[in-house]
Amino acid sequence: MNRVEGKVAIVTGGAMGIGKACSLMLAREGARVVVSDVDERSGQQAAREAAAISESSFVMHDVSSETAWEAVVEQTLARFGRLDIVVNSAGIATTGNVEEATLESWRHLMSINADGVFLGVKHGIRAMKAFGGGSIVNLSSILGLVGDPGLAAYCASKGAVRLLTKSAALYCARAGYRIRVNSIHPAYIVTPMVEHFFSQQSDPVAARKAVEALHPVGHLGEADDIASGVLYLASDESRFVTGTELVIDGAYTAQ
């Protein structure tokens, strides 16, 4: 208990799925949490649930906008006086192989999955270094480690997150900022985004079984499985961990 007591966190994409699970787990462990999302209704609800545990708030936030990032960090510092944790969880997924994907869809996905993480890292560092350190956790994917023929843009964006993380971790370490930067690589997790994917298939039950079979453990992960990894990387327990990837995938990539 209280593994991040006294710390202040921004969690992007905090309205649902993995982001919401991270917001609630960090709150349960003592952090004050800023839930950020473009989904105001769900974001407000997630913030209310977090606030019932620890002081928390919601901010509307388009992660692809640098102006929006500057405002979110400014609001966080104004309300809570510091920033210790940034969880870059906001992301989208689109299907399409490299021949079928349009430049428009590629750029839209990249603006959120890659640009949004870059901006979170950039402005997180700028705020945290004034307070003697912190932890930035970037949500990548197993598809930032291995490819999928039908998800060209998504794979590219998550690969970008993985190596941006390593570059930023080295930069912070060599600058003496005491800011750690790590990435997490989930497999398929039971979230609204994944459930929506199944629902769009001609046979949702068969589609789910096929995806489950990709994981040697025989089932999909839960959002709290990922939130637990985020909590570890956000806490001082991981003070010697930076520039690495934490793979939480039910042995998906071990095959």
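The values are calculated or read from the model by the stated rules, or taken from the named source; none is laboratory data. Because the structure is a prediction, the values reported are computed rather than measured. For neighbour counting, all protein chains shown are included, and Cβ atoms are generated from backbone atoms with ideal geometry for every residue, glycine included. Keep in mind that these areas ignore ligands, DNA and RNA; they rest on the heavy atoms of the full protein, side chains included. Shrake-Rupley method; radii C 1.70, N 1.55, O 1.52, S 1.80 Å.
Structure notes:
- Dipole magnitude of the chain, debye to nearest 20 (Cβ charges: Lys/Arg +1, Asp/Glu -1, about Cα centre): 940
- Residue among I85, I189, I18 with the largest mean-square fluctuation in a Gaussian network model of the chain, springs linking Cα atoms under 10 Å: I189
- In a reduced charge model with +1 at each Lys and Arg Cβ and -1 at each Asp and Glu Cβ, the range 166-249 shows a dipole moment near 520 debye about its Cα centre.
- With a 1.4 Å probe rolled over the protein heavy atoms of all chains, the accessible area of T191, T102, T94 falls in the order T102, T94, T191, largest first.
- Label positions at R162 and D236, each projected 7 Å from the Cα along the C-beta direction, are separated by 3.3 nm.
- Sparse-neighbourhood loop sites, GluC sites (Glu not before Pro) in the range 46-120 - DSSP loop, at most 15 other Cβ within 10 angstrom: E55, E99, E100
- Look at where the Cα atoms of the range 48-126 and of the range 160-199 average out, and the two centres are 12 Å apart.
- Rounded to whole Hz, the Karplus (6.51, -1.76, 1.60) HN-Hα couplings of the range 172-187, x for glycine and proline: 5, 4, 6, 7, x, 7, 6, 10, 9, 9, 9, 10, 10, 10, x, 7
- Summed side-chain charge close to H123 - residues other than H123 whose Cβ falls under 10 Å, Lys, Arg +1, Asp, Glu -1: -1
- Net charge over other residues, Cβ less than 15 angstrom from the Cβ of L143 (K, R count +1; D, E count -1): -1
- Its relative contact order, with pairs defined as Cα atoms under 8 Å and 6+ residues apart, puts the chain at 19 percent.
- Å² per residue, accessible surface of the chain at 1.4 Å: 46
- Net charge contributed by nearby residues that have their C-beta within less than 15 Å of A114 (K/R +1, D/E -1): +2
- Karplus-based coupling profile of the range 131-139, in residue order and whole Hz: 10, x, x, x, 9, 10, 10, 9, 7, with θ = phi - 60° in 6.51 cos²θ - 1.76 cosθ + 1.60 and x standing for Gly or Pro.
- Accessible area (Å², 1.4 Å probe, nearest 10) - E222: 100
- Eligible lysines near K209 by straight Cα distance, threshold 26 Å, same-chain separation 8 or greater: K20, K158
- Taking amide H positions as modeled 1.01 Å from N, with prolines and chain starts lacking one, the residues under 5 Å from E222 and 5 or more places away or on another chain are V190.
- Cross-link reach is defined here as a Cα-Cα straight distance under 24 Å, omitting same-chain residues fewer than 8 places apart; for K129 the lysines meeting it are K7, K166.
- Average Cα contact separation per residue, the range 182-230, under 8 Å, 6 or more apart, as relative contact order %: 51
- Pair T95, S199: separation of 7 Å Cα→Cβ label points (nm): 1.5
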